[in-house]
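The values are calculated or read from the model by the stated rules, or taken from the named source; none is laboratory data. These numbers come from a predicted model, not from an experiment. Cβ placement follows ideal geometry from the backbone for every residue including glycine, while neighbour counts extend to all protein chains displayed. Just so you know, the surface numbers come from the protein's heavy atoms only, side chains and all, with ligands and any DNA or RNA stripped out. Shrake-Rupley method; radii C 1.70, N 1.55, O 1.52, S 1.80 Å.
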Amino acid sequence: MIERRQFKRVLIKLSGEALAGEKGFGLDNSTLAYIAQEVRKVQEQGVQVAVVVGGGNFFRGDLFSAGGGIDRTAADQMGMLGTIMNALALQSALEKAGVATRVQSAIAISQVAESFIRRRAMRHLEKDRVVVFAAGTGNPYFTTDTAAVLRGLEIEAECLIKATKVDGIYDRDPKKFDGATRYDTLTYTEAIARRLAVMDQTAFTMCQEYSMPLIVLDFNQPGILLSAVKGEPVGTLVGGE
């Protein structure tokens, strides 16, 4: 049986679109301020927090390379630059909220961010700084979902929280089917057997292989992130057998 529990170190995966708010593109200052306050609530409880941000609010490499467009490697690298912009914006919002923050990038961009160094990231967390990881894995063909799992494993996070616009994982698309049922908990095996689109296959397989608990929740609900790290029954928890 999968049980909820409190966590002391978590990694939050935020899509680029989440930073755009209702605009759908670019950045929204009120949304950034909201996210910063939600992260602050968690950190104030003594929880160490890291964040991986996507770049889809600026550029999606897979879309622009489709149909013989921009070369896929170049397109993915452009997407990585989008995540760096988002990371810097989030850092600014967090620091305005009184939260010490460091940005670490998977590609070298030393004038604006540290390069990713695991030991340094761990030290920042131990000093109660939020660490925002940018540029995905630094390699093309890998999504920021995969980067989130990879960084979560590297920093020994106790849980990966995927912040979305949906309040968990459903058996069917709740936007299309009124009778869709939300799962409170799932095992990795159940999610695979039911072909539930939790995240990309590489990321999900890594979660399963290394027994990384995953919580999918609606980040637009104030206080839900804090509830999740306290072990309260919010969103959908995906775990071991």
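Brief remarks on what is shown
- Computed over the stretch 1-58, the P(r) curve from all C-alpha pair distances, binned at 10 Å from the origin, holds 22, 42, 27, 9, 0 percent per bin.
- For the chain, the mean residue ellipticity at 222 nm estimated from helices alone is -11000 deg cm²/dmol, where every DSSP H run of n ≥ 4 contributes -39500 (n - 2.57) and the total is divided by all residues, rounded to the nearest 500.
- The distance separating the Cα centre of the stretch 1-29 from that of the stretch 81-124 comes to 16 Å.
- Taking the convex hull of Cα positions in the chain, its mean projected area over all directions (nm²): 12.9
- Label sites at ALA33 and GLU190, each approximated as a point 7 angstrom past Cα along Cα to Cβ, lie 4.1 nm apart.
- In the context of the full set of protein chains, the chain has a per residue accessible area of 48 Å² (1.4 Å probe).
- Between ASN220 and THR73, full extension at 0.36 nm per residue minus the direct alpha carbon distance yields a gain of 49.6 nm.
- Computed E for ALA100/LEU153 - FRET, C-beta separation, R0 30 angstrom, nearest 0.05: 0.80
- Counting only protein heavy atoms and a probe of 1.4 Å, the accessible surface of the stretch 1-138 is 50% carbon and sulfur.
- Computed E for THR181/SER110 - FRET, C-beta separation, R0 35 angstrom, nearest 0.05: 0.10
- Whole-Hz couplings from phi, Karplus 6.51/-1.76/1.60, listed for the stretch 200-214; x for Gly and Pro: 5, 4, 4, 5, 5, 4, 5, 4, 5, 4, 9, 6, 8, x, 10
- Contact order relative to length of the stretch 1-98, as percent, for alpha carbon pairs under 8 angstrom and 6 or more apart: 32
- Distance between the 7 Å Cα→Cβ label points at ASN139 and TYR210: 1.3 nm.
- Along principal axes, Cα extents of the stretch 121-241, largest first, whole Å: 46, 33, 26
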